[in-house]
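Novice: One structure, pasted below without further comment.
The values are calculated or read from the model by the stated rules, or taken from the named source; none is laboratory data. These numbers were taken from a predicted model, which means no experiment stands behind them. Neighbour counts run over all protein chains shown; Cβ positions are idealised from the backbone, glycine included. Side chains included, ligands, DNA and RNA excluded: accessible areas come from the protein's heavy atoms. Shrake-Rupley method; radii C 1.70, N 1.55, O 1.52, S 1.80 Å.
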Amino acid sequence: MFDWLYKLIELLVVNVFGLSMESKLGSSVHFFFYDTIKILILLGTMIFLISYVRSYFPAERTKKILEKFGGIKGNIMASLLGIVTPFCSCSSVPLFIGFIEAGIPLGVTFSFLITSPIVNEAAFVILLASFGWKVALIYVVTGVIVGVLGGIIIDKLHMEKQVEEYVYQIKMGSKEIETLTKKDRINFAIQNVKDIFKRIWLFLIIGIGIGAAIHGWAPEDILSQYAGPDNPLAVFVAVICGIPLYSNALGTIPIADALIDKGVGIGTALAFMMAVTALSAPEMILLRKVIKPKLIATFVAVTGTAIIIVGYLFNIIL
């Protein structure tokens, strides 16, 4: 898809910068410029298209849809809606309160909270460009499965008392869902592209920079030995390392891409990415405002275990 860009950046590195593609510096510089431009093109295009679709699913409509489903169907629907209505950590608390206030079961709410940060349209497109349809589709499917299973387990544990009491007492009321014209939806999509670029550009550049450094200088033999698919502890360590970090899927994909190029198992790299996006420390701090430590610990344990299983599954399949 981007062979033309790869060759163009190669000409830039060799003829303008005077670097050899065989050198560590030349390889890193090529990786940085190539991935930056490729990701920006993909983001600009796909965020616009998916934002147009997302204009049909504002938070209030999402809540109303979930109110109609119960049991496992509710978990599945919540995870699927989490794909088209991704949120950042800063919105987790109001969304949680809104769902609970609407009477949506705790397990269904967590299915949404788990899947939404893991799976989003931009991450899917970049995975598609970097690893192909097979990895991208498996990533989406497993992200949904993690959300569904995590929500079901939390529901079976009956942890409603682990939600702060004031959450049940809040009455947020229902907002009227706006009827948007085609022009309104296009403007919404354009504005969403701008907003997302403003929010993620720094994470993206940092992620690509780290990926470029790994691509050029990280010792391939050591990474392959200790983080390759044959190391039984690699996925577990990747998830543990990912939890304290804070980024989104877009910032971690270039790092995952570089790690895989160096021989790290695909499942290990993607488990790291999922842990960073679904179990980031800042999100846990924010969620503490509405849920008690026992439920937070359960959420981390259930989701982390599911991600570890998915990581090993990827390593076996791929």
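Novice: Taking interchain pairs and intrachain pairs at least six residues apart, which have beta carbon atoms under 8 angstrom, with the first residue in segment 155-168 and closer than 9 Å to V290 by Cα and among the aliphatic types (A, V, I, L, M) and the second in a loop (DSSP other than H, G, I, E, B) and open to solvent by less than 50 Å² (accessible area, probe 1.4 Å)?
Specialist: What qualifies is V163/V290; V167/V290.
Novice: Within segment 86-104, is there a residue that is assigned to a helix (DSSP H, G or I), open to solvent by less than 40 Å² (accessible area, probe 1.4 Å), at pLDDT 85 or above and over 29 Å from K183 (Cα atoms)?
Specialist: Among the residues of segment 86-104, not one is assigned to a helix (DSSP H, G or I), open to solvent by less than 40 Å² (accessible area, probe 1.4 Å), at pLDDT 85 or above and over 29 Å from K183 (Cα atoms), which makes the answer no.
Novice: Take the residues in segment 280-315 that are among the polar types (S, T, N, Q) and at pLDDT 85 or above, then tell me which one is surrounded by the fewest Cβ atoms within 10 Å (Cβ to Cβ).
Specialist: Here the answer is T305.
Listed here are the residues, each with its yes/no results for (1) closer than 21 Å to F124 by Cβ; (2) touching a residue at least 40 places away in the same chain (Cβ under 8 Å); (3) β-branched (V, I, T); (4) surrounded by fewer than 18 Cβ atoms within 10 Å (Cβ to Cβ).
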| position | (1), (2), (3), (4) |
| --- | --- |
| W4 | no, no, no, yes |
| I9 | no, no, yes, no |
| V14 | no, no, yes, yes |
| F17 | no, no, no, yes |
| S27 | no, yes, no, no |
| K38 | yes, yes, no, no |
| F48 | yes, yes, no, yes |
| E67 | no, no, no, yes |
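Novice: Filter segment 218-235 for residues that are modelled with pLDDT of 75 or more and surrounded by fewer than 17 Cβ atoms within 10 Å (Cβ to Cβ) and give the result.
Specialist: Passing the criteria: P232, L233.
Novice: Still on this model: When the residues of segment 15-29 are filtered to those that are part of a helix (DSSP H, G or I) and of a type in the set (S, T, Y), which remaining residue is farthest from G209 (Cα to Cα)? Even if it seems obvious, please write down each step before you answer.
Specialist: First, pick out the residues of segment 15-29 that are part of a helix (DSSP H, G or I): 15-16, 24-29.
Next, from what is left, pick out any that are of a type in the set (S, T, Y): 27-28.
Numbers: S27: 12, S28: 9 Å.
Per the stated criteria, the residue is S27.
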